[in-house]
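Peer 1: Handing you a structure now.
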Amino acid sequence: MAEVRSLHSGTCDLGHPASPTSTVVAIRVRDEAVEYLALGDSTVVLAERDRGCTAVTDRRLDDAGRELRRSMDELPTGSAEHAAALAQYRAALTNLRNRPGGFWIAGSDPEAARHALTGAVPLASLASVTLLSDGASRLVDRFALATWADLVSLLNSSGPDALIRRVQETESQDPAGKRWPRVARNADLRVIRLHDARHGTATLLTAAGVPPRVVMEILGHSQIAVTMNVYAHVVQETQREAVSHMDRLLRRRPARE
């Protein structure tokens, strides 16, 4: 945040109340552990192999705005009255942003990063980690139509697109926000899974012929055995493709006269 601020310090009014802000949710793998960070209203879902699912969400924005948005939530979403109330709500939130007793969010003040929710869990204990925008998580935390375990199961069986479709279908059934009051009719939907990202990275690198030790270093494994055990199927598939390719080359070889 400090680095981004330095890029704009000479051209932008970084103290302006309307300076851009953003929720942040992030993970990194280090020393055989997954470290996570949440700032704003996005969610990290940790699916552990033996303990089920745990969701980490920074609720301070919701808590700070609950009373401020009460009158807005009574108005039809998308109406002119709702738009006017939304503008008043956002203006009121400005006075609570990045200060004690309010909420913290990424913006022009690097101090906000110190107030993020952070933690770590052993990498070996996890089946997957999912990062969700507030729109993608609302199937559970706002609509109450699924549990976190249900959401992870849907992702495992049908992928992020299925979750996004289900949220959109639910929103379309309540366009005015009467059952589920919300700021906008349609949510910002973002879904990223650690399992998908790590598996995809390993697959592409291995298929490209990158040495296993280099893959190990990129993925943050402490031992080559971990890399080979977890991604042995990728190596085997690559070997099968190599054999098939060699077979095709030999079959194309012209016969001697």
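Peer 1: For residue 152, state whether it is β-branched (Val, Ile, Thr) and surrounded by fewer than 21 Cβ atoms within 10 Å (Cβ to Cβ).
Peer 2: Details: β-branched (Val, Ile, Thr): yes; surrounded by fewer than 21 Cβ atoms within 10 Å (Cβ to Cβ): no.
Against the criterion (β-branched (Val, Ile, Thr) and surrounded by fewer than 21 Cβ atoms within 10 Å (Cβ to Cβ)), residue 152 does not qualify.
Peer 1: Still on this structure, please answer the following. Just give me the residues in the stretch 111-135 being within 13 Å of the chain's Cα centre (by Cα) and in contact (Cβ under 8 Å) with a residue 60 or more places away in the chain, in sequence order.
Peer 2: Within the stretch 111-135, the subset within 13 Å of the chain's Cα centre (by Cα) is 128-135.
Across the stretch 111-135, the qualifying residues are 128, 129, 130, 131, 132, 133, 134.
Peer 1: Same structure, new question: Return the only residue of 18, 55 being in the same structural domain as residue 139 (by TED's automatic domain parsing), in contact with a strand residue (DSSP E or B) (Cβ under 7 Å, 6 or more places away or on another chain) and among the hydrophobic types (A, V, I, L, M, F, W, C).
Peer 2: On the way: 18 fails: in contact with a strand residue (DSSP E or B) (Cβ under 7 Å, 6 or more places away or on another chain).
Sole residue among the options that is in the same structural domain as residue 139 (by TED's automatic domain parsing), in contact with a strand residue (DSSP E or B) (Cβ under 7 Å, 6 or more places away or on another chain) and among the hydrophobic types (A, V, I, L, M, F, W, C): 55.
Peer 1: Can you find a residue that is part of a strand (DSSP E or B), in the same structural domain as residue 17 (by TED's automatic domain parsing) and aliphatic (A, V, I, L, M) anywhere in the stretch 87-107?
Peer 2: yes
Peer 1: Would you mind stating whether residue 78 is assigned by TED's automatic domain parsing to the domain that holds residue 38, in contact with a Lys or Arg (Cβ under 7 Å, 6 or more places away or on another chain) and either part of a helix (DSSP H, G or I) or not hydrophobic (A, V, I, L, M, F, W, C) (or both)? Let's see the steps before the verdict.
Peer 2: On the way: assigned by TED's automatic domain parsing to the domain that holds residue 38: yes; in contact with a Lys or Arg (Cβ under 7 Å, 6 or more places away or on another chain): yes; either part of a helix (DSSP H, G or I) or not hydrophobic (A, V, I, L, M, F, W, C) (or both): yes.
Spelling it out, residue 78 is indeed assigned by TED's automatic domain parsing to the domain that holds residue 38, in contact with a Lys or Arg (Cβ under 7 Å, 6 or more places away or on another chain) and either part of a helix (DSSP H, G or I) or not hydrophobic (A, V, I, L, M, F, W, C) (or both).
Peer 1: For the stretch 35-50, enumerate the residues that are buried (at least 17 other Cβ atoms within 10 Å of the Cβ) and either out of contact with any Ser or Thr (no Cβ under 9 Å at 6 or more places or on another chain) or among the acidic types (Asp, Glu) (or both). Give the steps one after another, and end with the answer.
Peer 2: As a first pass, look at the stretch 35-50 and keep what is buried (at least 17 other Cβ atoms within 10 Å of the Cβ): 36-47.
Within the stretch 35-50, just 41 meets the criteria.
Peer 1: Can you find a residue in the stretch 88-109 that is of a type outside the set (Ser, Thr, Tyr) and farther than 30 Å from residue 14 by Cα? Break it down stepwise before answering.
Peer 2: Our first condition is that a residue be of a type outside the set (Ser, Thr, Tyr); within the stretch 88-109, this holds for 88, 90-93, 95-107, 109.
From the residues that got through so far, the ones that are farther than 30 Å from residue 14 by Cα too are none.
Among the residues of the stretch 88-109, not one is of a type outside the set (Ser, Thr, Tyr) and farther than 30 Å from residue 14 by Cα, which makes the answer no.
The values are calculated or read from the model by the stated rules, or taken from the named source; none is laboratory data. Please read these numbers as outputs of a predicted model, since none were measured by experiment. Backbone-built Cβ (ideal geometry, glycine too); neighbour counts: all protein chains shown.
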